[in-house]
Amino acid sequence: MPQYQISHSPKLSGEVAISTAKNAVLPILAASLLTHEEIILHQIPFLTDVRHMADVLRSCGAEVSQQDRDIRIRALSASSPRDAALLRTMRASVLVMGPILARAGECVLSMPGGCAIGQRPIDLHLKGLQKLSARVEQDGGTVRVSGALRSANIYLDFPSVGATENLIMAATLTRGVTRIENAAKEPEIVDLCHFLTAMGARIAGAGTANITVEGVECLHGAEYTPIPDRIEAGTLACAAALTEGSVLLVGARTDHMRALLFKLSESGVICQEDARGLRLRGKARHPMEARTLSYPGFPTDMQAPLMVVATQTHGLSVFLETIFENRYMHVVELKRLGAHIRVEGQLALIQGGHILNGASVTATDLRAAAALMLAGLAAQGQTLISDPGGHLMRGYERLEEKLRALGAEAEKVAD
Ligand code: UD1
């Protein structure tokens with residue numbers, strides 16, 4: 001079981017490079033199934049989720065090879081993934097549904113797994129595909145979508161990131177013009193659309209709530225480098241905000257991080273865009289209010305890391321989680337370290353100013369794992385984080401090493 005030991009690290013300084021975004025890489029890997037030509041992706045981070053997605057693609061019939069940080073994919077054919085256990089390890093495996101259906105006319109999938117941060121149904125994916133004339137049959141834990149797709153106007157009841165991505169991918173090979181209203185606007189959606197456009201897709205409106213996809217006969221090979229990870233950058237920005245330091249996050253896209261940077265600035269951290277990325281100086285002091293929303297609102301993935309920052313400010317912070325129904329699992333663990341937090345449904349009240357003391361804690365999901373690592377920096381003494389689900393490595397590329405590069409005492413003590 002992976003375990004990490006973090007010691008009180010009152011000052012972080014120096015620079016660290018931001019990896020490419022997990023949440024951009026996963027849909028882009030799925031989109032590679034849309035063509036029989038070769039796809040070459042650069043700067044791919046070493047993450048368990050990426051490795052799993054590569055295995056999912058293999059299980060769909062694609063050849064996938066990796067050399068250092070470059071991945072090559074060739075899907076001469078694309079069929080339903082055969083390895084059901086693999087699908088259950090990762091929610092994002094549902095993203096192969098749109099591409100396989102569009103290319104092969106049928107996709108059978110085990111319902112996906114992933115972090116237990118909420119119910120995470122896929123009804124919006126399925127309703128959208130039904131609008132595109134797909135037949136949807138569900139049987140226990142399996143779903144089958146099939147049929148020739150026809151373009152349609154789709155309205156998403158909620159701007160789901162995954163549903164928007166699945167529907168865009170399915171629509172690229174669907175004759176006619178498909179319109180998706182109330183689409184998600186996340187930078188990762190825009191990145192997926194840039195990649196699909198490089199493959200020959202015709203897409204307008206990416207990054208807005210109205211996306212239009214004009215179907216083409218076929219897509220071709222492409223070479224692409226995904227965007228930097230705004231959540232990794234945000235997590236490291238929160239680490240910096242816990243200490244009196246000066247940190248440069250090389251490659252961070254500040255334009256993707258406005259909501260978080262606004263919170264940190266309000267709290268007293270100096271956040272400056274630099275030609276090389278994002279520079280942060282000083283410590284967060286003032287309490288804050290944060291309500292998670294779809295992009296460009298405050299990201300739910302940053303809620304746990306920012307909550308750690310809130311525990312070290314002077315006063316009462318108020319957080320509201322509106323995206324996932326079970327995303328306060330880190331609170332119990334933060335309380336073990338001495339944080340004063342009260343959760344009432346979607347609301348969390350964080351009374352800052354209490355000293356945290358190192359203890360043994362357990363990571364319950366991906367962002368909770370990162371939050372505990374940050375809490376370890378702020379806590380007196382040593383904090384031991386057990387991560388039985390291997391959550392941290394799913395989405396962060398050696399976070400402990402990146403923190404160490406900034407002067408923190410953080411290391412992985414067990415695999
Ligand atoms: C993606 C991100 C995840 C992030 C989340 C919200 C990836 C690989 N993961 O997850 O890191 O936390 O966006 O920004 O990109 N929902 C439904 N029905 C559906 C689909 C979603 O009710 O068919 C609900 C979910 O249960 C959740 C909310 O919508 O409450 C948001 O989910 P969604 O935007 O789809 O997130 P993911 O794509 O799973």
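Simple point charges give the picture: +1 on the Cβ of Lys and Arg, -1 on the Cβ of Asp and Glu, and for the chain a dipole about the Cα centre of about 400 debye.
Once backbone amide H atoms are built at 1.01 Å from N, Gln380 has Leu356, Asn357, Gly358 as its partners under 5 Å, excluding neighbours fewer than 5 places away on the same chain. Taking the number of Cβ atoms within 10 Å of each Cβ as an exposure proxy, the fewest-first ranking of Ser19, Ser80 is Ser80, Ser19. If a/c stays under 1.5 just call it rounded; otherwise compare a/b with b/c (prolate if a/b is bigger, oblate if not). Do that for the range 22-224, with a ≥ b ≥ c from the square roots of the Cα gyration tensor eigenvalues. Rounded, because the longest to shortest axis ratio a/c is under 1.5. Here the chain carries DSSP beta bridges of which approximately 75% are antiparallel, counting only pairs with both residues inside. When His36, His314, His391 are sorted by how many other C-beta atoms sit within 10 angstrom of their C-beta, beginning with the fewest, the order is His314, His36, His391. Taking the average, over residues, of other Cβ atoms within 10 Å as the packing measure, peptides 229-241, 369-381 rank 229-241, 369-381 from highest down. Magnitude of the charge dipole for the range 1-103, about its Cα centre and with charges confined to Cβ atoms of Lys, Arg (+1) and Asp, Glu (-1), is about 280 debye. The convex hull of the Cα atoms of the chain, projected and averaged over all directions, covers 17.6 nm². Listed by Cβ neighbour count within 10 Å, with the fewest neighbours leading, Phe195, Phe46, Phe324 appear as Phe46, Phe324, Phe195.
Work out the charge dipole of the chain with +1 on the Cβ of Lys and Arg and -1 on the Cβ of Asp and Glu about the Cα centre, then indicate which of His220, Ser317, Ser110 is farthest towards its positive end. With unit charges placed on the Cβ atoms, the residue in question is Ser317.
Looking at the square roots a ≥ b ≥ c of the eigenvalues of the Cα gyration tensor of the range 109-247, which shape do they give, rounded for a/c under 1.5, prolate if a/b is larger than b/c, or oblate? Cα axes put the range 109-247 in the oblate bin. Taking amide H as placed 1.01 Å from N in the peptide plane, Lys11 has no amide H partner under 5 Å among residues 5 or more places away or on another chain. For the range 341-415, the orientation-averaged shadow of the C-alpha convex hull comes to 5.8 nm² (one quarter of the hull surface). Annotation for the range 16-37 versus the range 352-387: alpha-carbon center distance of 30 Å. Taking the Cβ of Ile355 as the centre, find all other residues whose Cβ is under 15 Å away and add up their charges (Lys, Arg: +1; Asp, Glu: -1). Cβ neighbours under 15 Å give a net charge of +3. If you take the Cα centroid of the range 90-110 and the Cα centroid of the range 267-300, the two points sit 36 Å apart.
Only the coordinates and a few stated rules stand behind these numbers; no lab work does. Here the structure is a predicted model, which means the values were calculated and not measured. Reconstructed Cβ throughout: ideal geometry from the backbone, glycine too, with neighbour counts over all protein chains shown.
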